[in-house]
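Down below is the structure, laid out as structure tokens.
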């Protein structure tokens with residue numbers, strides 16, 4: 001399915017890091033990924049349930065480091081970008097959702113998302129899609 005994104009309005013909080021309110025009324029932080037997120041994303045993807053893992057990667061194998069490094073490199077959003085949603089979990093700030101887009105050429109990008117099983121149904125996929133679509137549109141993409 002192709003989703004048109006040209007002309008998408010920017011989210012109200014369009015800074016590099018912003019707080020969002022989830023459907024259950026709790027708060028999370030959304031920001032672009034950095035290379036320092038590698039270990040946290042490795043753990044996040046490893047901890048997904050088999051069903052969530054399959055839905056994201058179409059395999060049960062954990063993503064290899066080159067792919068994780070790609071998810072952590074948002075330095076050139078005209079080619080690719082990833083957003084991470086962070087929450088306090090067991091006393092530490094951890095990723096609970098990740099969304100990315102990757103340039104496919106001709107103004108199109110592939111978008112993909114993963115949400116921790118414990119945080120599904122709270123609107124994180126919608127929040128990530130909205131923000132990624134706005135970023136992609138601002139960087140010349142017309143469709144996911």
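The values are calculated or read from the model by the stated rules, or taken from the named source; none is laboratory data. Model, not experiment: these values are computed from the prediction. Cβ placement follows ideal geometry from the backbone for every residue including glycine, while neighbour counts extend to all protein chains displayed.
Of the candidates 66, 95, 77, the single residue that is touching a residue at least 40 places away in the same chain (Cβ under 8 Å) and within 14 Å of residue 37 (Cα to Cα) is 95. Considering 33, 26, the condition of being surrounded by 11 or more Cβ atoms within 10 Å (Cβ to Cβ), closer than 19 Å to residue 125 by Cα, touching a residue at least 24 places away in the same chain (Cβ under 8 Å) and under 16 Å from the mean Cα position of the chain (by Cα) is satisfied by 33 alone.
Give me the pairs: first residue in segment 126-144 and on the phi > 0 side of the Ramachandran plot and touching a residue at least 24 places away in the same chain (Cβ under 8 Å), second residue assigned to a loop (DSSP other than H, G, I, E, B) and surrounded by fewer than 19 Cβ atoms within 10 Å (Cβ to Cβ), beta-carbon distance under 8 Å, and six or more apart or on different chains, which are they? From residues that are on the phi > 0 side of the Ramachandran plot and touching a residue at least 24 places away in the same chain (Cβ under 8 Å), the pairs are 140/78; 140/107.
Filtered by the rule that a residue be under 30 Å from residue 65 (Cβ atoms) and at pLDDT below 60, segment 6-55 gives 15, 16.
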